[in-house]
Amino acid sequence: LTHHAYAFFGLVFVAVYLFVRVLTLEDSWGAKLRTLTFFALAGMCAFFISAFSLLPFILELHEVRGMPKIPFHLLLPALPSWEAMYVIVGTMLRWTPVGHTGNVTYVGISLMLFSILSMGYVIKKRIGVGLGLVICALFSFCTLKSDTMYNVKNFNFLVFFLIALTVYTPDAVRSILRRTAIYARLEKRWGRLFEPKVALLLLALVLIDL
């Protein structure tokens, strides 16, 4: 939180997540509005706290960084082109040597597929927490811009939300295989250890991939 870009950008993504999360609550609209008002006031307080580093950065942006624009335009979403999507996905799937900065954005094939499965699962089941992560992942993806030095900040948030979604992968896999014969055999053989073993198998796939 001592970095102005991460602090402010993170605050925006938290606001998006909380907005989606509150809307998916099983409560009256009056209660949802009161909850949103509470989080809005908390967000304003957080913005004022972080302003001690954000405002000097904006005022001296051109003199110190050589960047004449303020950083807020980096959070404006726009649908990337096919070429940009190819570059983004390629960056997340391309492994680089240990210690290289490219490892920050490396996801891997396994986690990429797990996050896609989890997206479909939480959308189908309408899970509030998962839907908030999906919206934040899509929002961070649409804010990626290839011509700015702070693009890596949004890329880091995209990787964070994709990885967070994989917590639903075991449930998604069980939901897909529930009506198959192998699912019934494994559930009968493993008994109470069925769910932990499914999670361990998925973790093993991630370790092999990474």
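Values quoted throughout were computed directly from the atomic coordinates according to the rules given, and no laboratory measurement underlies them. Owing to the predicted nature of the structure, the values given are computational and were not obtained by experimental measurement. When we count neighbours, we look across all protein chains shown, and the Cβ atoms used for this are built from the backbone with ideal geometry, even at glycine.
If the chain between I208 and L41 were fully stretched, how many nm would it gain, using 0.36 nm times the residue separation less the Cα-Cα distance? Walk me through the numbers on the way to the answer.
Values: separation 167, 0.36 × 167 = 60.12 nm, distance 4.52 nm.
Separation in residues times 0.36 nm, less the Cα-Cα distance, equals 55.6 nm.
Only loop residues by DSSP count here, and only those with at most 12 other Cβ atoms within 10 Å; note down the trypsin sites (Lys or Arg not before Pro) in the stretch 117-210 that meet that.
For trypsin sites (Lys or Arg not before Pro) across the stretch 117-210 that sit outside H, G, I, E and B with at most 12 neighbouring Cβ atoms in 10 Å, the list reads R126, R178, R179.
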Counting only other residues whose beta carbon sits under 15 Å from that of Y183, what net charge do I get with K and R as +1, D and E as -1? +4
Note down the net charge around T169, summing +1 for each Lys or Arg and -1 for each Asp or Glu among other residues with Cβ under 15 Å from its Cβ. +2
If I model a spin label as a point 7 Å beyond the Cα along the Cα-Cβ vector, how far apart are those points for Y86 and L33 in nm? 5.0
When the Karplus curve 6.51 cos²θ - 1.76 cosθ + 1.60 is applied with θ = phi - 60°, which whole-Hz ³J(HN,Hα) does each residue of the stretch 202-207 get, with x for Gly and Pro? 5, 5, 5, 4, 5, 5
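Quick check on packing: order 107-116, 31-40, 160-169 by the mean number of other C-beta atoms within 10 Å, highest mean leading.
Values: 107-116: 18.7, 31-40: 13.2, 160-169: 20.3.
Those peptides, ordered most packed to least, come out 160-169, 107-116, 31-40.
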